[in-house]
Amino acid sequence: MQTLFDALSLGSLYALGALGIALIFGVMRLVNFAHGDVISFSIFALLWPSTDAVAIVFAGELPWFLLIPFVLAMGAGLSVLSEIIVFRRFRRANPATMMIASFALGFVIRYFLLMLFSSRPKSISLLPALSQPVEILGARIPLLQVITIVATIAILFALTAFLKRTRFGLEMRAAAENFTMARMLGVRANRVIMGAFALSGALAAAIGLILAAQTGTVDIQMGASVMLMAFIATVIGGLGSLPGAVLAGFLLGAASVVMQTVLPIDARPFRDAFVYGAVILVLIFRPQGLIAARGTKERV
Amino acid sequence: MSVIRRTISTPILLTLILIAIALIAVTAGSRPFNQTVIDIFLRVILVVGLYIFIGNSGVMSFGHIGFTCLGGYAAAWLTIPPMMKQTLLPGLPDWLMNAQLPYWAGAIFAALWAALWAAMFGKILMRLSGIAASIATFAMLAMINTVYSNWESVTAATSSVVGIPIIRSIWPYLIAAIIAVIVAWLHAISRAGLALRAARDEPTAAAASGVDIPKQRLIAFTLSGVVMGMGGALFAHSIGVVTPDTFYLTLTFTTLSMLVVGGIGSLSGAVLGVVILSSLIQALRWLEAGVTIGTTTIAIPNGLQEIALGIVMILILIRRPAGIMANSELRWPRPNLDAANPQNPGEDPRPQTTQQQ
């Protein structure tokens, strides 16, 4: 039971991250390496610049119903800003160039945070009420894990509804499927791309919130490890396919947790090597990803 | 005109640039600057190694620094005095425990060791293409890093392996960098290199003309594994210490950035990307330490160095999305030939798509 919840909550994080990357990839074929740094930035936005080990909370004093929208808005804002300032100039560049540009941007954000906050991890107690355990079917599960899973499911439903029911969502799906065609039919390219960036930034901020609440520390590197796994999940899910990204995110989370319990003790430190080995196997048998998105197949 | 005569000006010019840098270091004679120049040569080796595979195949690889890691640790196993190895790395087999080779022999074996693994991984990975191949190579890097970070008795896990003989002379590094350039050039004009570039630009047509794409990619992957392994061994000798995290994401992205800024499809771009970005990093470091003009010292705040570097990289890429050299190479000016064939006969006038979706 505990394992199941561990797997689900880790998978939720990866799934949210993978969604953020897949949204942007879908509309503009950009593999956004700055995503991890948006995660860190949105959580650091709560703090006052200082180099002390204990965070000086600035906006973190807000009650939760203001705090959460504030963090989400910071993530979305930074993400939209990065599209306006940087990525708009790379519309015609090839994917490798965009990838390196996004990496350079992430580098700038990270060192900006480093300048203001130093590289030392800071302790922060964010929403402390959430760390109490609750009892579900005889297992003691931290309330936060439950909330993480519930929130992820809620976000997924909301996002699905948004993409399927609203005009903007329709435009975004059309753009993801065939960008040129969508533009010809009257979809405003820049607006759609900006929408994708805003959503992706907000998702990054949600990950930041969950991570900070879970670990009780903030650290400028905190986004990086989630981002890498999310990136892998996006690819094995089928680049550009949102359901694929979510599915692969949960699978990766499950694989990590299950291997942790199943592997013999001697092999446990090498768990990640097994997870990555599994990733290579999946790619070999399904190079297009688990759920291949339409329009991303190699054409002859 | 043979392919060699038509293209030999590129490796000669690049070699001259490298020698010029070495001569500047010798005349300057200061020890920190010497180290900076060694770093430049090391990065030239690594970025040229990346170019051999990425530039010719068009497949982005995040995994090559894994081979550098293999090479660096192999050099450590082979060159650290046996006495030290017994306490530091007790899990080594006896023959390796008692081995103590000179650094150049160690580097050769390190390169072969990396090549062996490149060939094995490549055999599996080279049937993939596009972004799936990139992620698979990244997964390979992460696997190598996880194993080296945890295999206590053979790699000392995450703690540093010390005692590797340090080579301070710049000449071995210069020679290795020149070797890397020449290997890359020979591969690029060989049958395998031409076939691979054909497959990069027109996969379907190349396959239809009898190019075995996975095989050609495997050749380039293994060859770049050799160069990366050699670079890793020399890297170990330049600082005397190896840790698994030296050879992980930071180095991967630094070297990839240099390749992309220089121009992903160009050997000259690989070398110039390193030289230009390294000079920029060095200039910013000097600024950070403070420059004295008259009686006042001007220094930029700490941390601004990296931010400025990131911004300059973005600006270069905005101005030149295909990199500084785009797809052309440095060569002798040859007006009559260029007038007859404006597209550079030896090179490929190709659209700016290096990756297939």
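The values are calculated or read from the model by the stated rules, or taken from the named source; none is laboratory data. For clarity, every value in this text was computed on a predicted model and none was experimentally measured. When we count neighbours, we look across all protein chains shown, and the Cβ atoms used for this are built from the backbone with ideal geometry, even at glycine.
Six or more apart or on different chains, Cβ under 8 Å: which pairs go from a residue in region A:88-108 that's closer than 21 Å to A:Phe41 by Cα to one that's modelled with pLDDT of 80 or more and among the hydroxyl-bearing types (Ser, Thr, Tyr)? Could you list them?
A:Ile100/B:Ser257; A:Phe103/B:Ser257; A:Ala104/B:Ser257; A:Leu105/A:Ser82
All but one of (1) surrounded by 24 or more Cβ atoms within 10 Å (Cβ to Cβ); (2) aliphatic (A, V, I, L, M); (3) within 30 Å of B:Gln35 (Cα to Cα) hold for B:Ala139; which doesn't?
Status for B:Ala139: all satisfied but (3).
Determine whether region B:281-300 contains at least one residue that is within 24 Å of B:Thr68 (Cα to Cα), modelled with pLDDT of 85 or more, outside any loop (DSSP other than H, G, I, E, B) and within 14 Å of chain A (Cβ to nearest Cβ).
yes
Contact list please: Cβ distance under 6 Å, first residue in region A:17-35 and part of a loop (DSSP other than H, G, I, E, B), second residue surrounded by fewer than 24 Cβ atoms within 10 Å (Cβ to Cβ) and at pLDDT 90 or above, pairs at least six apart or on different chains.
Going by the 6 Å Cβ cut-off, the qualifying pairs are A:Asn32/A:Ser102; A:Phe33/A:Ser102; A:Ala34/A:Ser102; A:Ala34/A:Leu105.
Which pairs do you get when a residue that is within 14 Å of another protein chain (Cβ to nearest Cβ), found in region B:319-334, comes within reach of a residue that is in a loop (DSSP other than H, G, I, E, B) and of a type in the set (A, V, I, L, M, F, W, C), reach meaning Cβ atoms under 9 angstrom, with the pair 6+ apart or on two chains?
Qualifying pairs under 9 Å: B:Arg320/B:Ala326; B:Pro321/A:Ala93; B:Ala322/A:Ala93; B:Ala322/B:Ile264; B:Gly323/B:Ile264; B:Asn327/B:Ile264.
If B:Ile164 passes every condition in (1) in contact (Cβ under 8 Å) with a residue 40 or more places away in the chain; (2) not in a loop (DSSP other than H, G, I, E, B) but one, which one does it miss?
Exception for B:Ile164: condition (2).
Looking at (1) within 14 Å of another protein chain (Cβ to nearest Cβ); (2) surrounded by 23 or more Cβ atoms within 10 Å (Cβ to Cβ); (3) over 18 Å from A:Leu13 (Cα atoms); (4) modelled with pLDDT of 85 or more, can you tell me which one A:Gly289 breaks?
(4)
For region B:1-22, state whether one or more residues are among the small types (Gly, Ala, Ser), surrounded by fewer than 13 Cβ atoms within 10 Å (Cβ to Cβ) and at negative phi. Reasoning before the result, please.
Of region B:1-22, the ones among the small types (Gly, Ala, Ser) are B:2, B:9, B:20, B:22.
Add one more test, that the residue is surrounded by fewer than 13 Cβ atoms within 10 Å (Cβ to Cβ), and what stays is B:2, B:20.
Retained after the next criterion (residues that are at negative phi): B:2, B:20.
Yes, some residue in region B:1-22 is among the small types (Gly, Ala, Ser), surrounded by fewer than 13 Cβ atoms within 10 Å (Cβ to Cβ) and at negative phi.
Scanning region A:91-102 for residues that are of a type outside the set (A, V, I, L, M) and buried (at least 22 other Cβ atoms within 10 Å of the Cβ), which turns out farthest from the other protein chains (Cβ to nearest Cβ)? Lay out the reasoning, then the answer.
We begin by selecting, within region A:91-102, every residue of a type outside the set (A, V, I, L, M); these are A:91-92, A:94-95, A:97, A:102.
Next cut, buried (at least 22 other Cβ atoms within 10 Å of the Cβ) only: A:95, A:97, A:102.
Working: A:Pro95: 5, A:Thr97: 5, A:Ser102: 9 Å.
Per the criteria, the residue is A:Ser102.
Between a residue in region A:186-215 that is farther than 22 Å from A:Ile84 by Cβ and in contact (Cβ under 8 Å) with a residue 60 or more places away in the chain and any residue that is buried (at least 22 other Cβ atoms within 10 Å of the Cβ) and not aliphatic (A, V, I, L, M), which pairs come within a Cβ distance under 7 Å, given they are 6 or more apart or on different chains?
A:Ile207/A:Gly17; A:Ile210/A:Thr148
Pairs needed: first member in region B:110-136, more than 8 Å from chain A (Cβ to nearest Cβ); second member anywhere, modelled with pLDDT of 90 or more and surrounded by fewer than 20 Cβ atoms within 10 Å (Cβ to Cβ); C-beta distance under 9 Å; at least 6 residues apart or different chains.
Short answer, once both residue conditions are applied: B:Gly122/B:Pro214; B:Lys123/B:Pro214; B:Met126/B:Ile213; B:Met126/B:Pro214; B:Met126/B:Lys215.
Which of the residues belonging to region B:155-176 are surrounded by fewer than 22 Cβ atoms within 10 Å (Cβ to Cβ) and within 13 Å of A:Phe270 (Cβ to Cβ)?
B:Ala157 - this is the single residue of region B:155-176 that is surrounded by fewer than 22 Cβ atoms within 10 Å (Cβ to Cβ) and within 13 Å of A:Phe270 (Cβ to Cβ).
Please go through (1) more than 12 Å from chain B (Cβ to nearest Cβ); (2) among the aliphatic types (A, V, I, L, M); (3) not in a helix (DSSP H, G or I) for A:Leu239 and return the number of the only condition it doesn't satisfy.
With (1) more than 12 Å from chain B (Cβ to nearest Cβ); (2) among the aliphatic types (A, V, I, L, M); (3) not in a helix (DSSP H, G or I) applied to A:Leu239, the lone miss is (1).
Hey, A:Ser225 hits all of (1) more than 12 Å from every other protein chain (Cβ to nearest Cβ); (2) surrounded by fewer than 20 Cβ atoms within 10 Å (Cβ to Cβ); (3) under 30 Å from A:Leu78 (Cα atoms) but one; which does it fall short on?
Condition not satisfied by A:Ser225: (1).
Being modelled with pLDDT of 70 or more and not polar (S, T, N, Q), is that true of even one residue in region B:332-347? Spell out the reasoning first.
First, pick out the residues of region B:332-347 that are modelled with pLDDT of 70 or more: B:332-333.
Those still in the list that are not polar (S, T, N, Q) too: B:332-333.
Checked region B:332-347: at least one residue is modelled with pLDDT of 70 or more and not polar (S, T, N, Q).
Out of region B:1-59, which residues are among the aromatic types (Phe, Trp, Tyr) and touching a Ser or Thr at 6+ places or on another chain (Cβ under 6 Å)? Even if it seems obvious, please write down each step before you answer.
So the first thing to find is which residues in region B:1-59 are among the aromatic types (Phe, Trp, Tyr), and the list is B:33, B:41, B:51, B:53.
Scanning region B:1-59 gives a single hit, B:Phe53.
Considering each residue of region B:203-219, count those that are within 12 Å of chain A (Cβ to nearest Cβ) and more than 26 Å from the chain's Cα centre (by Cα), and give that number.
The total comes to 4.
I'd like to verify a number: residues in region A:249-264 that are surrounded by fewer than 14 Cβ atoms within 10 Å (Cβ to Cβ) and either modelled with pLDDT under 80 or within 12 Å of chain B (Cβ to nearest Cβ) (or both), how many? Outline the logic, then answer.
Just the residues of region A:249-264 that are surrounded by fewer than 14 Cβ atoms within 10 Å (Cβ to Cβ), to begin with: A:261-262, A:264.
When the remaining residues are screened for being either modelled with pLDDT under 80 or within 12 Å of chain B (Cβ to nearest Cβ) (or both), the result is none.
Number satisfying all stated conditions: 0.
Quick check on B:Ser278: is it within 30 Å of A:Ile85 (Cβ to Cβ), touching an Asp or Glu at 6+ places or on another chain (Cβ under 8 Å) and either acidic (Asp, Glu) or at pLDDT 85 or above (or both)?
On the way: within 30 Å of A:Ile85 (Cβ to Cβ): yes; touching an Asp or Glu at 6+ places or on another chain (Cβ under 8 Å): yes; either acidic (Asp, Glu) or at pLDDT 85 or above (or both): yes.
Yes; evaluated as a whole, the condition is true for this residue.
Here is a check on your reading of the model: is A:Glu171 acidic (Asp, Glu) and at pLDDT 85 or above?
Values: acidic (Asp, Glu): yes; at pLDDT 85 or above: yes.
Spelling it out, A:Glu171 is indeed acidic (Asp, Glu) and at pLDDT 85 or above.
Is it true that A:Ala45 is more than 14 Å from chain B (Cβ to nearest Cβ) and at pLDDT below 85? Step through it out loud before you land on a result.
Values: more than 14 Å from chain B (Cβ to nearest Cβ): yes; at pLDDT below 85: yes.
Against the criterion (more than 14 Å from chain B (Cβ to nearest Cβ) and at pLDDT below 85), A:Ala45 qualifies.
Restricting to region B:142-157, count the residues that are facing chain A (nearest Cβ under 9 Å), within 11 Å of B:Tyr73 (Cβ to Cβ) and in contact (Cβ under 8 Å) with a residue 24 or more places away in the chain.
Let us first name the residues in region B:142-157 that are facing chain A (nearest Cβ under 9 Å), namely B:142-147, B:149-152, B:157.
Those still in the list that are within 11 Å of B:Tyr73 (Cβ to Cβ) too: B:144, B:147, B:151.
Next, only the ones that are in contact (Cβ under 8 Å) with a residue 24 or more places away in the chain stay: B:144, B:151.
Qualifying residue count for the region: 2.
Go through region A:174-214 and count every residue that is assigned to a helix (DSSP H, G or I), among the β-branched types (Val, Ile, Thr), touching a helix residue (DSSP H, G or I) at 6+ places or on another chain (Cβ under 8 Å) and farther than 16 Å from A:Leu23 by Cα. Give the derivation first.
Kept after step one, since they are assigned to a helix (DSSP H, G or I), are these residues of region A:174-214: A:174-177, A:179-184, A:189-214.
Going one step further and asking which of them are among the β-branched types (Val, Ile, Thr), we end up with A:180, A:192-193, A:207, A:210.
From what's left, touching a helix residue (DSSP H, G or I) at 6+ places or on another chain (Cβ under 8 Å): A:192-193, A:207, A:210.
Narrowing further to those that are farther than 16 Å from A:Leu23 by Cα: A:210.
Count: 1.
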